[in-house]
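Undergrad: Quick one: this structure, given as structure tokens, is what I'll be asking you about.
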Amino acid sequence: MAVQTTSAPIRKPRHLLQSIWRGRVGYLFLAPLLFFYITFVIYPSARTIWMMFMRYEFLRPDRIEFVGLANIIEWAQDPRVWETFGVALRFTLMYVPGSTVIALLVAILLDRVRHPGVASVFRTLYYFPVVLPAGMLYIAWQWIFDPTWGPLNHLFINILHIPMPWTRWLGDPNTSLLALVIMSIWRLMGATMILFLVGLSNIPQELNEAAHIDGANEWQLLRHVTLPLLAPIFLVIMVLRLQVLGLIAEPLFMTEGGPVRSTMTYGLQAYYITFRDGNWRMGYGATWFVMLSIFSTLVAFLGWRWFRSRID
Amino acid sequence: MSHVRKIFVLVMLIIICVLAIVSCAPAPAPEPTKAPTAPAATAAPVAAKGKLRLGVYGQYLQQIEFKDIVTAYNKQNPNVQVEIIAIPGEEQAWNVIAQKIQLEAQQKKASWDMLLGPTPFIEPGALAKLGLVDPLDTLIPKSVWDDVYGGVLKEIKYTGDGKIYTFPWWSDVFGLIYRPSMLKEATGSENPPTNWDEILATNVKIKAKYGDKVYGFGMDWNWLHRSMLPIMGTMTDKLFTADGVVNFDDPAAKQTLELMLKLYPSLPPSSAEALGSAKAFQSGALATEIYWQAQVLRAIQAKQPEADVKLVGFPKGTRSSTLFWTLGVMIPKYAENKEAAIDFMLKGLLDPLAVEMSQPGNYKIVPFKSAQKKLQDSGKQPAWAPPLLALLDTSEPIPCNQYFLTVEQPIYKEEIEKMILTNQSVELTLKNMKERVAKGVAEVK
């Protein structure tokens, strides 16, 4: 005997307004978030794009005028763009692989810890720097890097007796960027580690067991099972870490872009153009930031496409 | 794409387009600079009363008890209710404070009736240029201005229109701070070096005696007003051009840079940081340094023996000179109680209690001759003050304009770092400084 259902068939909405009306509760729930998003993201972004086409100098409000593409042309011809982008790129190329590899290693080791309490303690310890106030950390690391009293030099020179070719860290143009990288890796490694731990927890245990049974050693397990299955996590990390291209806070507070502009990142130069130098050229500074956003979006998109093809 | 998602995307696109169109409307420009209306100098003073919102930079609230100053003031004028408002992050964020005042002025409002903390070569130039603060020339009696030291009076006048926008309160004056015990051990005498040649000679002896444990000399070499300018001032009386820009053409500029190259090997490694040499002094690893007088107090607070931290006048070159700056008080254009602000400046900040808390108590010089005389007569004048006061009338101040900090200082920092750290020649350094500063100032003007 055929089973008869009593529920009415679902009708697709034929009209746009009808569709909105049907989903009205959902939209109402979305409304506050949408309001904040529009107010604090969409509107400032739109305003920044508008400023890109204006001569807008904070200390010369009498000179606000539409200048078309002049800011973009000036940006394209400004030698500081490529110089500071190079600094940002060097920082990124040191920071992203460094923090990723270290975080991955720590996550793999933590994942192997059997006792949940012990694992929890170490997870907290490694994540702790992420939640500390950034300003406090910058001051602390300035002391750590201090050439005369800093514990870092004291450790290498006085305790380990390792001859150091450089000791001035933040005061040496050859090591200042590396010093910022070290600090940033220490500070944010915990966040990357958590992402890897999430990814590792999603790897079915049966796969590892099957690989062991087939005779795979730890390195083969890592290379052929763990890393491929962590590809989505790598993608997320890559996209998130692209923001270091616009690095401002660390060089601003620790080195002010020096010495000899060795830590003058793209973001910091844009910040100084906008809020410190001359008449505070906010229109031109907006151009710098918008161009960086376009570049970052493009890189993120291309990276996403490449990773997706590998994942698929 | 599902139907609902299509609708959502459509709605978002419409909103973005609307916002883009709306944001293309020109921003309401702030009112152009014009001379604010000031009460006539001969008008009878209005009795101060009501609420007074005193905005104070956070770091100064940590240095003295402003509540005590307010209490003493209220004994003279109980009709004014002073509200002390802390302004945090000011040294790193003075441009944020300027933007805040600007944005509030567009709505004809001000968060403070008086702003205590600006220094003439930092905020006032920008604020005066934008017309966001009131000139004080006619709001304060001439007798008060006549009481200010000559150099300070020149300092507080905005170069744009020659008017005074800052009521001076705390002056920092450069001198030579030293450790007599270290000099005695290294040179056989506690007497400090008095000129640059003696300093160079002392540095050699300090190095021979202490090696890398104690450095001979300290200064913030990559800060224009903490190194090059005060040194150059001891070699020329033409520190600035008529435009208020550093006089790079004067032979003293080249001599100063050459001297800085000779001094650099004696500096502690931390001297590249702001106040890095001061930290070295505070930890007992530095024999002499050129800083302003408050650094003596910082060294004592860092547990250096008070009897072994001394301050004398700035080293001489071909002339005696020094550099100084003065933080003070400004009145925002849309302050609600300007009468009370003026009253508090004259009766509160210059009250004997406030002067004692400032100078003997906090190592900040109150640049009024009558205040100094009262301190002298009462026996409360600290010993370090008179050599510094002697130069306050004759030394050249940093001009109050809007490009010292936004043009000259950043360019100086980059070029001096190239000279010191990458062996760029003195001549090229001077040439670059001059050309880049000229270009930057022209853009600002």
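Undergrad: Please work out the Cα center distance from the stretch A:138-168 to the stretch A:198-229, rounded to the nearest Å.
TA: Spelled out, the Cα-based centre of one part sits 40 Å from the other.
Undergrad: Could you work out the relative contact order of the stretch A:23-123, using alpha carbon pairs under 8 angstrom and six or more residues apart, expressed as a whole percent?
TA: Rounded, it is 12 percent for the stretch A:23-123.
Undergrad: Return the subset of B:LYS209/B:LYS316; B:LYS154/B:LYS207; B:LYS142/B:LYS374; B:LYS163/B:LYS439 for which the Cα-Cα distance in this structure is over 31 Å, preserving the input order.
TA: Checking Cα-Cα distances, B:LYS154/B:LYS207 exceed 31 Å.
Undergrad: Moving on. Compute the relative contact order of the stretch A:200-301 as a whole-number percentage, counting only Cα pairs closer than 8 Å that sit 6 or more residues apart in sequence.
TA: Here the relative contact order equals 19 percent.
Undergrad: Per-residue HN-Hα couplings for the stretch B:246-262, Karplus 6.51 cos²θ - 1.76 cosθ + 1.60 at θ = phi - 60°, whole Hz, x for Gly and Pro?
TA: With the stated coefficients, the stretch B:246-262 comes to 4, 7, 5, 7, 5, x, 4, 5, 5, 4, 5, 5, 5, 5, 4, 5, 6 Hz.
Undergrad: If each residue's Cβ is checked for other Cβ atoms within 10 Å, how do B:LEU116, A:LEU200, A:LEU28 rank with the fewest at the top?
TA: Neighbour counts put them in this order, fewest first: A:LEU28, A:LEU200, B:LEU116.
Undergrad: Let me have the 222 nm mean residue ellipticity of chain A computed from DSSP H runs of 4+ only, each contributing -39500 (n - 2.57), with the sum over all residues rounded to the nearest 500.
TA: Helix contribution divided over all residues of chain A: -20500 deg cm²/dmol.
Undergrad: Sticking with this structure for a sec: What's the magnitude of the charge dipole for the stretch B:294-364 around its Cα centre, counting Lys and Arg as +1 and Asp and Glu as -1 at the beta-carbon? Answer in Debye, nearest 20.
TA: Result for the stretch B:294-364 is approximately 420 debye, rounded to the nearest 20.
Undergrad: Continuing with the same structure: If one takes the longest principal axis of the Cα atoms in chain B, at what angle in degrees, from 0 to 90 and to the nearest 10, does the Cα axis of helix B:352-362 lie?
TA: 50
Undergrad: Percent antiparallel among DSSP beta bridges with both residues in the protein assembly as shown, to the nearest 5?
TA: Counting only bridges with both partners in the protein assembly as shown, antiparallel ones make up about 60 percent.
Undergrad: Measure out, as a whole number of angstrom, how far apart the alpha-carbon centroids of the stretch B:115-182 and the stretch A:85-129 sit.
TA: For the stretch B:115-182 versus the stretch A:85-129, the Cα centre distance is 51 Å.
Undergrad: Other chains near A:42-50: what is the mean number of their Cβ atoms within 10 Å of each residue's Cβ?
TA: So the per-residue partner count for this stretch is 5.
Undergrad: Under the rule a/c < 1.5 gives rounded, and otherwise a/b versus b/c splits prolate from oblate, where does the stretch A:90-311 land using the Cα gyration tensor?
TA: Cα axes put the stretch A:90-311 in the oblate bin.
Undergrad: What average number of partner chain Cβ atoms lie no more than 10 Å from the Cβ of the residues making up B:268-280?
TA: 5
Undergrad: Cα extents of the protein assembly as shown along the three principal axes, largest first, in whole Å?
TA: Projected onto the principal axes, the Cα atoms of the protein assembly as shown cover 115, 69, 51 Å.
Undergrad: While we're on this one: Tell me, what ³J(HN,Hα) does each residue in the stretch A:245-255 have, in order and in whole Hz, if you take phi through Karplus 6.51 cos²θ - 1.76 cosθ + 1.60 with θ = phi - 60° and put x for Gly and Pro?
TA: 4, x, 3, 10, 4, 4, x, 5, 7, 9, 9
Undergrad: Also: With θ set to phi - 60°, apply the Karplus curve 6.51 cos²θ - 1.76 cosθ + 1.60 along the stretch B:71-79 and write out the HN-Hα couplings as whole Hz, x wherever there is a Gly or Pro.
TA: Per residue, the Karplus-derived 3J(HN,Hα) values read 4, 5, 5, 5, 5, 7, 9, x, 8 Hz.
Undergrad: Sticking with this structure for a sec: Which of B:VAL312, B:VAL96, B:VAL407 ends up with the largest GNM mean-square fluctuation for chain B, with Cα atoms connected below 10 Å?
TA: Comparing B:VAL312, B:VAL96, B:VAL407 in a Gaussian network model of chain B, the most mobile one is B:VAL96.
Undergrad: Which value, in debye to the nearest 20, describes the size of the charge dipole of chain A about its Cα centre when Lys and Arg Cβ atoms bear +1, Asp and Glu Cβ atoms bear -1, and nothing else is charged?
TA: 1080
Undergrad: Could you list which residues have their amide H under 5 Å from that of B:LYS163, counting only those 5 or more apart in sequence or on another chain, with H placed in the peptide plane?
TA: Here B:TYR158 satisfy the definition.
Undergrad: Under 19 Å from the 7 Å Cα→Cβ point of B:ILE84, by amide nitrogen: which residues of the stretch B:303-337?
TA: B:327-330, by backbone N distance to the label point.
Undergrad: If you take the Cα Rg of the stretch A:52-190 and divide it by 2.2 N^0.38 Å, with N the number of residues, what do you get?
TA: It is 1.51.
Undergrad: Let me ask something else about it. Name the long-range amide H neighbours of B:VAL366: under 5 Å, sequence gap of 5 or more, or other chain; modelled H, no Pro or chain starts.
TA: Amide H neighbours of B:VAL366, under 5 Å, 5+ apart: B:SER171.
Undergrad: Averaging sequence separations of C-alpha pairs under 8 Å and six or more residues apart, then dividing by the length of chain B, give the relative contact order as a whole percent.
TA: Relative CO of chain B lands at 24 percent.
Quick note: the coordinates plus some simple rules give every number you see, no bench work behind them. The structure displayed is predicted, hence computed values, not measured ones. All Cβ positions, glycine included, derive from the backbone under ideal geometry; neighbour counts span all protein chains shown.
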